[in-house]
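Below is one structure, written out as C-alpha cells; comments come after it.
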Amino acid sequence: MDELPLEQVRTLLAVVDEGTFDAAAAALHVTPSAVSQRVKALEQRTGRVLLMRTKPVRPTESGEVVLRFARQLARLERDARAGLGMGTADGQGPVRLPMAVNADSLATWFLPVLSRVPQDPPVCFELYREDESHTTALLREGQVMAAVTSSPDPVAGCTVRALGLARYLPVASPGFAARHFTGDLAADLREAPTIVFDRRDDLQDAFVRTLTGDGTGASAARHQVPTSEGFRDAVAAGLGWGLVPEPQAQPLLRAGALVRLAPGRTLDVPLYWQQWKLDSPALAVVARLVAETAREALLPPGKPGSGGPAAGDRSR
C-alpha cells in the first residue's frame, strides 16, 4: 500500500491542470466517475485530502507534494523518450522547461543563457515572470522546474545555488533631480515622487532606509510601472526617481539622460538559482549555463556595495 499508482497520480494532475473533474475526464478520455474514483482511491491510499473541491479545484498542501511528483515524473518520461529518439508520450514534441525569472534578470542577463542551450534534442522554454514569493509557490506546486529567486531557503525537493549580486543605482532624469533634490538626500528621497514596479516592490524603500537608519521609506507619491524596461523609461522620462539595474542605467548615464542621486552608493540584491532535485539532462545544461552567465553578469556573492544587500520581498 506504499506505492503511488501512476494512473491515479496522472489523473490528479489532469484534474488540477484542467480545473474540474469533467474537464479532466474529457482530456483523459474516461468518464467523470472514473476520474472521481481514481482521486478518491489516491486519497485513501495516502490517507490525506489532496484536493479542495472548489471551481476550479485547488490542491491541498499534501496534494502539492503529489503534484510535484507527477510533474517531475512527466518531465523524466519526456527526457527519456527524447533521449531515445521516441518523441514524447503526449505528442507535445520538444522537451519543455518551465522556469520562473524575476523581471530585471529577464531584461538584463537571463535571455542569453537560453540562446546557448544546445537544441539537440530540441528544448522549449516556458518562462514565468513572477515575484519571489510566487516563485517559491510555483516550485512547490511543481509548475516550474527552476527559478531565479532572491530567497536562499530551498523549497522542499529543490537545491539552491548562489548566483551573485544584482547591482541597482539610484537615478533620476537631470530635470527631475534639479526640481526635487536640494542637497539633503535622505529628506529629499522621502518627499520626491518615486517609481515602483508594483505594490510589493520595496527596493526604493530599502535604499532610503540605508540613508535614514530610522525605518523611514521613500515617498508615498508613487507611480507603478510593472515592466523592467518601462520602469527604466519612466525614470528617464522624469516621472520619479528609482533604482535601475546597473546594465540598464549605464548607457543612459553616459548619454546624460540619467544622473546618479548618490554617487558611490548602490543597492545589491542577492540572487539564487533553485531547481528540482531531478536527473534531467536538459535542466542540468541550463543550470550550468545560468551559473556561467551569472558569473559574467553579476557581482560575486558576498561582496555588497556601499548600500548593503537588500532584504525583503520584491517582484523585480
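None of the figures in this text is laboratory data; all of them are computed from the coordinates on show. Source: prediction; values computed, not measured. Note that each Cβ is placed from the backbone with ideal geometry, even for glycine, and that neighbours are counted across all protein chains shown.
Per-structure values
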item	result
Ranking of 216, 135 by count of other Cβ atoms within 10 Å, fewest first	216, 135
Residue-wise HN-Hα coupling along the stretch 216-222, computed from phi with Karplus coefficients 6.51, -1.76, 1.60 (Hz; x: Gly, Pro)	6, x, 6, 4, 6, 7, 9
Sorted peptide list for 109-122, 37-50, 165-178, criterion being average Cβ within 10 angstrom, highest first	165-178, 37-50, 109-122
Backbone N under 12 Å from the residue 4 label point (7 Å along Cα→Cβ), restricted to the stretch 142-163	142, 157
Residue 241 long-range amide H proximity, modeled H, under 5 Å	194, 195
Using a Förster distance of 22 Å, the FRET efficiency for residue 224-residue 179 (Cβ separation, nearest 0.05)	0.55
Label-to-label distance, nm, for residues given as residue 40 and residue 54 (7 Å Cα→Cβ offset)	2.4 nm
Gap separating the Cα centres of the stretch 120-185 and the stretch 255-284, nearest whole Å	7 Å
Estimated FRET transfer efficiency when R0 is 35 angstrom, pair residue 29-residue 237 (beta carbons, to 0.05)	0.05
³J(HN,Hα) computed for each position of the stretch 185-190 - Karplus, 6.51 cos²θ - 1.76 cosθ + 1.60, integer Hz, glycine/proline x	4, 4, 5, 5, 5, 6
Contact order relative to length of the chain, as percent, for alpha carbon pairs under 8 angstrom and 6 or more apart	21 percent
Relative contact order (%) - criterion: Cα under 8 Å, at least six apart; region: the stretch 111-223	16 percent
